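Asker: Mind looking over this structure? Questions follow.
Each value in this text was obtained by applying a stated rule to the coordinates, not by laboratory testing. Just so you know, these numbers come straight off a predicted model, no measurement behind them. Note that we place each Cβ from the backbone using ideal geometry, even for glycine, and neighbour counts take in every protein chain shown.
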Amino acid sequence: MPFGDFPVVDRAYLKAGERFLTRSVHSYFFVKTLAKLRPGGVLAFITSRYTLDAPTAEPIRAYLHQQADLVAAIRLPAGTFPDTEVVTDLVLLRKRLTTEVPGDDTWLKTISQTYFYQRPQPANARYAPGPEEVRSDLNAYFVAHPEMVLGIQSATSGMYGAGYTVAPPDGGRESVIATLVERMRALPPGLLTPAPSSIANTPGLRPRLADDGDDLKESAPAILDPQLSPSQTVRVLALFAVRDAARAALRAQLDGATPQVIQESQRRLNAVYDQFVFRYGPLNAHANVAAMGINPDAFFLRALERWDTESQQRHKTGRPVTEASARQRLKMPLFHEIVVRQARPALSARSVRDAYLITLNECGGLNFGRMAALLGPGSSPDDVRDALAADGLIFEDPEAGWQTADAYLSGNVKRKLATAQRAMVAEPRFQHNVDALQLVIPADIAPGQIEVRLGTHWIPPADVNQFLAEVLDAEEPRWSRSGKRFVNYVARTAEWVLEMQPLIPAARNFGDWGTHRASALSIVLDLLNGRLPKVVDELDD
């Protein structure tokens, strides 16, 4: 699920006492999904550990507990997912039936735990300090069920100092997966409550199209939206009859059916559509659009009509369309023309160039055997290759083999030129490559035209640290042995971080390059991370 400390706008939670539910996107996803979940259903989300561990998230947990019980929570080690070292939890909640009483609520609270972190010491350190005590809030569920933590709970050094983490077990990722499967199999049986037959077998609004690969099928029985009136239910069923007829017409064309089959599918589409608009008005009328709701087929249905400015003005009331000519004007070409055709492989080509283009379209790359087959008897793959090379459509890369001209004459062409020149010494046939590459080599950019900004990710951190030393007179503390490594770039998070607080003269830091309200170092850190430097004033109410 998405994670971020930014709010979400939802009119359903604008009431007093509920606005805190939308202050962070991850909390909002829990709340909104639980609201959509049927009683007896189970919600499973992967979220950061702070959903369960943060004391400030207790109101969110209490709100969730009003409707659901915690089935289980499984804590995964840091680094389980790529590009993040955040400790994550698999949280399973079951929404209670109206007749059930709330279950255990110990998971709402957190308990402070103590861990110890031993900072690594340089080899030339004069003394080694003792382990550092780290206190962290841990959800009471994990305190009571440590077996649900699939790793080693410990402390580590992070961006904001030492903090809690879960290190992978000795077996690594394989051990985590095996234990996770074991814990999931140990969940209580019968978690999911079967839907009542009155709900499960009732056709109605917003059924998803049955998905069988790329095949298009008619919809299966769906769940009835409880907000539908009886008249809306009938309207929706008619809408999906139009949808199914339109998809059948498209499928007949995509399958390359005979003209008789295509005409029959279009005849049925016209009949179903005419029947619908004669009774309910255009598909794009307000009442019909409202009945479609957020169903993914809504846009497909609305695209069946030519709903331009003239049509909108003529049918703005949404009344039934009784005139046959008016209905005909609304119909898109699918009702009476072939709009898609089945892709058919080419059987022949008139020239080597045509065979080359056809093969690129079919295969996405060079296939000299296919080109020779398109050209017919008397053509061999070697002949085709030589003809294409003579026309300059392909080149033989000394390192990567045969490539199209577009691919070979682009990218790092200077490196390719140097490679071709070395190959030409041993094999003169690569002179053709050298001549072609020399024509596409771009002119060198003059040093005065090169502009480098702070924060550019390819600038080595050593250069940024040297910049701080030369411009701000930054120096490392006497106790440091980092070699003036003040800042560093973390590729995984694409962020520049301050690794050591440098000593900067006040005149430089707050006078020449900064102000008394924003130091030069803070401005540099903002610019490195693409942030606009800000000065915030706190005013008493």
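Asker: Give the relative contact order (percent, whole number) for the chain; include only Cα pairs under 8 Å separated by 6+ residues.
Answerer: Details: 709 pairs, mean separation 34.8, N = 541.
Over the chain, the number comes to 6 percent.
Asker: Further question on the same structure: Calculate, for Thr56 and Ala16, the FRET efficiency according to 1/(1 + (r/R0)^6) with r their C-beta to C-beta distance and R0 22 Å; round to the nearest 0.05. The partial results should precede the final answer.
Answerer: On the way: r = 20 Å, r/R0 = 0.90.
According to the calculation, E is roughly 0.65.
Asker: At 7 Å along the Cα-to-beta-carbon direction for both Asp354 and Ser154, put a label point, then send me their distance in nm to one decimal.
Answerer: That separation, rounded to one decimal, is 6.9 nm.
Asker: Return P(r) of segment 452-528 (all Cα-Cα pairs; 5 Å bins starting at 0; whole %; ordered from short to long distances).
Answerer: 3, 16, 27, 26, 18, 8, 2, 0
Asker: Next up: Within a 10 angstrom radius of the beta carbon, how do Ser229, Ser410 rank from fewest other beta carbons to most?
Answerer: Numbers: Ser229 9, Ser410 12.
Ascending number of Cβ neighbours within 10 Å: Ser229, Ser410.
Asker: I want to check the label-to-label distance for Val497 and Val425. Put each point 7 Å from Cα in the C-beta direction and report it in nm to one decimal.
Answerer: Result: 4.6 nm between the two label points.
Asker: Given a cut-off of under 8 Å on Cα pairs at least six residues apart, what relative contact order in percent is computed for segment 11-185?
Answerer: Result for segment 11-185 is 20 percent.
Asker: Apply 1/(1 + (r/R0)^6) to the Cβ-Cβ distance of Asp383 and Thr404, taking R0 = 22 Å, and write down the FRET efficiency to the nearest 0.05.
Answerer: On the way: r = 18 Å, r/R0 = 0.83.
For R0 = 22 Å, the calculated efficiency reads 0.75.
Asker: Sort 313-323, 28-38 by packing, meaning the average of other beta carbons within 10 Å per residue, with the highest value first. Numbers along the way, then the final one.
Answerer: Working: 313-323: 13.1, 28-38: 16.5.
Averaged packing, sorted descending, gives the order 28-38, 313-323.
Asker: Can I ask one more? Place a point 7 Å from the Cα of Glu147 along the Cα-to-Cβ direction; which residues of segment 171-193 have their backbone N under 11 Å from it?
Answerer: Under cut-off, by backbone N: 183, 186-187.
Asker: State the dimensionless ratio Rg/Rh of the chain (Rg: radius of gyration of Cα atoms; Rh: Kirkwood radius). Write out the running numbers ahead of the final one.
Answerer: Numbers: Rg = 33.7 Å, Rh = 31.7 Å.
With Rh from the inverse mean 1/r over Cα pairs, Rg/Rh is 1.06.
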